Amino acid sequence: MAEWNKFYHNEDDEEEQEEGEQSGGDSKITGRDSLVFLVDASKEMFINGEDGQLSKFDMTMQVVRNVYTSKIISSPKDLMALVFYGTEQSKDPSKSFKHVYVYHDLDSPGAKRVQDVDALRGLKGAQLAAETMGSGKTSFSDALWCCANLYSDIKLRLSHKRLMIFTCRDEPHGGDSGKDRQARTKAGDLKETGIVIDLMHLLKPFDVAAFFRDIISPPEDESELGLQLEPCEKLEDLNKRVRAKKLEKRANARIHLCLGEGVNVAVGLYSTVKAARKPSPISLYRETNEPVHTKTRTFHTETGSLLLPSEIKKSQVYGKKQIVMERDEVDAIKKFEDPAMFLIGFKPMERLKRHHHIRPAEFLYPEEDEVKGSACLFSALLTKCHERNVFALCRCISRRNIPPRFVALVPQKEELDEGKVQISASGFHVIYLPYADDIRTLDPPECPTASQSQVDKMKEIVSKLRFKYRSDDFENPALQQQYRNLEALALDMMAPEDTEDLIMPKVEQMNDRLGPLVQEFKDLVYPADYNPEGKPAAKRKPADAGGGAEKKPKVEVPEDELRERAQNGTLGKLTVPVLKEACKKFGVHTTGNKKQELIDALVAQLGQ
């Protein structure tokens, strides 16, 4: 029976498993992520900033709403909660904590929660918060204890537990050493249970060492030590800080990087870029609107009996002979070696070409928890590769039953922006290199070669239209419109919010930058009678007498103008009759009547 259930699983479960392998793929960490917002509700949080800036409470509610909506789209099964401390009113499931108000318990985010947070924004939101919760005394230990109870009430398996504190007071107890000691003790209990405590302080100056230094968790990376000391006074900075903290870094695979015999470094492979797609539609039963689950069963074609897994085999036709194999034999054929990465050697960075990039790269980072000393050896390898401007060539098998690939490990040093926020982490980019079978030989069609003047003019146009490109500055308009429509339906909005298509070219700005360059380029490339819209030429009007067509007088071009046009490459602007007349004038004999042949003959004659 166990074998039967193992084979006949639901297709929905298989899809979830495949999605997990692609996005997370970390067998060590499974379960749901959880996040609790612990927000200060003191009067200082409701003071508006200078020059009409948002209050700290309003900024926090905007960030909470953004996280709610992003989680609904990206991870709808994750758990989130919203808790206020320093309130006049009290509300918690156990009804045992004062001055703590649990606005949302730990559960999956939904449309109703987004609407609740929206109600707390703005001037009306501040009034609603004052009426509902008010501002009173602060007991930070009770607030932490309440958050711990929220986690203990959850029976689901949680992979990551995080608590974010939003406040503008560096001493919430006003220097009361007894309450400070109780809060530190309770914070230590939370950290022992695996809860990561982060601080988002919203006012400058803010003395972290006064109270919160012993409350928050130590940074996961030493480079984040200075980041914890910097306040977030702007909404944009706060959004960046929360976005960086709320996403847990999950490895696609954890393997060993073998540098030599007996020298192994534990590393993790992470995806830095993944294509965002529209969610697949879910089939619902028409009468109850419940999701429909599909199951697959295999039957015998003749008897109609249900087949067991042991009765199903696989075959491959080779040399007009059908080769039958068991499932175990097929799995053994697919397996090359155990997952690992083997160092082959080093190459100069100049040997790595753009056309070697055939699929999205991954990021390599040490896993100190797996093998002690991995971070130190990994850092030494990264430093030397960066100093000598070389990349490491390796043979990589990332998972079982995956064929081996050659990869290039390109070093990258850490970069921070002005706000001490990490732009790029230190590590290796894993570039998957092509095999000889992957490279194709193309036969490009022969096209007319541009003259040097045309090339120079296009260089001017390109230089005028250059700008600094960042992929995160451009959102997918189709996805944004899709989620705006879903949000409008879920939140009962009158109409979805307008979406700006950021990939549309800014024609007016482009025209201002280019000026007359476009017309000059057209004059160099296109002939005078070129019609870009492809409209047929107008018919000739009949002559008044005789009914015949009126003949145009011959147009002669001076010799100086012809020589100048030949040098500039603008002979193509002249019509065929004018070019024929010029050929006759210079005694050039041509065998054809094509325009390009006439131009080539004239250029050869005038160049002598």
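Details
- Filter result (acidic (Asp, Glu), open to solvent by less than 100 Å² (accessible area, probe 1.4 Å) and modelled with pLDDT of 85 or more) within region 401-452: GLU414, ASP438
- A Cβ distance below 7 Å, combined with a sequence gap of six or more or placement on separate chains, defines the contacts here; from region 84-96, residues that are within 12 Å of THR138 (Cα to Cα) and in a strand (DSSP E or B) reach residues that are among the charged types (D, E, K, R) and open to solvent by less than 10 Å² (accessible area, probe 1.4 Å) in the pairs TYR85/ASP40.
- Some residue of region 212-219 being open to solvent by less than 40 Å² (accessible area, probe 1.4 Å), touching a Phe, Trp or Tyr at 6+ places or on another chain (Cβ under 9 Å), outside any strand (DSSP E or B) and more than 20 Å from PHE37 (Cα to Cα): no
- Residue in region 249-261 that is surrounded by fewer than 10 Cβ atoms within 10 Å (Cβ to Cβ) and either part of a strand (DSSP E or B) or modelled with pLDDT of 85 or more (or both) present: yes
- For region 427-514, the helices (runs of 4 or more DSSP H) that sit wholly inside it and include 3 or more residues that are within 30 Å of PRO527 (Cβ to Cβ) are 452-464, 507-514.
- Counted as qualifying within region 294-348 are the strands (runs of 3 or more DSSP E) with 1 or more residues that are among the aromatic types (Phe, Trp, Tyr), open to solvent by 100 Å² or more (accessible area, probe 1.4 Å) and within 30 Å of VAL407 (Cβ to Cβ), namely 340-348.
- Every pair of residues 6+ apart whose Cβ atoms lie under 9 Å, when the first sits in region 494-514 and is touching a residue at least 40 places away in the same chain (Cβ under 8 Å) while the second is outside any loop (DSSP other than H, G, I, E, B) and loosely packed, with under 10 Cβ neighbours inside 10 Å: none
- When TYR270 is tested against the conditions (1) closer than 30 Å to GLN480 by Cβ; (2) among the hydroxyl-bearing types (Ser, Thr, Tyr); (3) assigned to a loop (DSSP other than H, G, I, E, B), the lone failure is (3).
- Which listed residue, of ALA566, ALA549, ALA537, ALA545, is modelled with pLDDT under 75, hydrophobic (A, V, I, L, M, F, W, C) and within 56 Å of the chain's Cα centre (by Cα): ALA537
- So LYS191, is it touching a strand residue (DSSP E or B) at 6+ places or on another chain (Cβ under 7 Å), open to solvent by 20 Å² or more (accessible area, probe 1.4 Å), in a helix (DSSP H, G or I) and not acidic (Asp, Glu): yes
- Of all residues in region 95-112 being touching a helix residue (DSSP H, G or I) at 6+ places or on another chain (Cβ under 6 Å) and modelled with pLDDT under 90, the one that is surrounded by the fewest Cβ atoms within 10 Å (Cβ to Cβ): ALA111
Let's see how each residue does on (1) part of a helix (DSSP H, G or I); (2) of a type in the set (Asp, Glu):
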{"position": "GLU561", "(1), (2)": "yes, yes"}
{"position": "GLU564", "(1), (2)": "yes, yes"}
{"position": "GLN567", "(1), (2)": "yes, no"}
{"position": "LEU579", "(1), (2)": "yes, no"}
{"position": "ALA582", "(1), (2)": "yes, no"}
{"position": "THR590", "(1), (2)": "no, no"}
{"position": "ILE599", "(1), (2)": "yes, no"}
{"position": "LEU602", "(1), (2)": "yes, no"}
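- Hey, LYS124 within 30 Å of SER280 (Cβ to Cβ), basic (Lys, Arg) and surrounded by fewer than 16 Cβ atoms within 10 Å (Cβ to Cβ) or not: no
The values are calculated or read from the model by the stated rules, or taken from the named source; none is laboratory data. Every value quoted in this text rests on a predicted model; they were computed, and no experiment measured them. Here the Cβ is made from the backbone with ideal geometry for all residues, glycine too, and neighbour counts use every protein chain on show. The area values use the complete protein model at the heavy-atom level, side chains included, leaving out ligands, DNA and RNA. Shrake-Rupley method; radii C 1.70, N 1.55, O 1.52, S 1.80 Å.
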